[in-house]
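Working notes for the structure below.
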Amino acid sequence: MGAYTRSMVSSMATKKVTVTIPEELLDEIRADAAERGLSAYVTEALRFKRDRDRLLELVDWLQEEHGPVTADERAAALAELDDLDAEHERRHSAGEHGGEAA
């Protein structure tokens, strides 16, 4: 979790609740959550789930308004993401080797 999210969580009003989590899942996430704490981990997971649900609602609405995304549109978007990832990696590598990032 980034510093911004961590400070946002710590500055928000909180309420203690009880949840039931399968024991094997709890065992798996405890190691990942150890440094920041289980509450922060669960809060972040719930935020991601809420945000994903909202995005899915937006996608559904956009598809109702404009029709589904075609295979060609999807391929073009994925190619653009690949280009962005490559550019990010190039800038990141240049920054690590003393180069100046744009």
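The values are calculated or read from the model by the stated rules, or taken from the named source; none is laboratory data. This is a predicted model, so every value here is computed, not measured. For neighbour counting, all protein chains shown are included, and Cβ atoms are generated from backbone atoms with ideal geometry for every residue, glycine included.
Before we move on, is ARG47 surrounded by 10 or more Cβ atoms within 10 Å (Cβ to Cβ), without any contact (Cβ under 8 Å) to a residue 60 or more places away in the chain, part of a helix (DSSP H, G or I) and outside the structural domain of MET12 (by TED's automatic domain parsing)? It is false that ARG47 is surrounded by 10 or more Cβ atoms within 10 Å (Cβ to Cβ), without any contact (Cβ under 8 Å) to a residue 60 or more places away in the chain, part of a helix (DSSP H, G or I) and outside the structural domain of MET12 (by TED's automatic domain parsing). For segment 11-27, the set of residues classified as surrounded by 11 or more Cβ atoms within 10 Å (Cβ to Cβ) and part of a helix (DSSP H, G or I) consists of LEU26 only. Report yes if some residue within segment 54-68 is assigned to a loop (DSSP other than H, G, I, E, B) and modelled with pLDDT of 90 or more; otherwise report no. Yes; the residues of segment 54-68 include at least one that is assigned to a loop (DSSP other than H, G, I, E, B) and modelled with pLDDT of 90 or more. The set of residues from segment 34-66 being aliphatic (A, V, I, L, M) and either over 16 Å from the mean Cα position of the chain (by Cα) or more than 29 Å from ILE21 (Cβ to Cβ) (or both) comprises ALA34, LEU38, LEU58, VAL59, LEU62.
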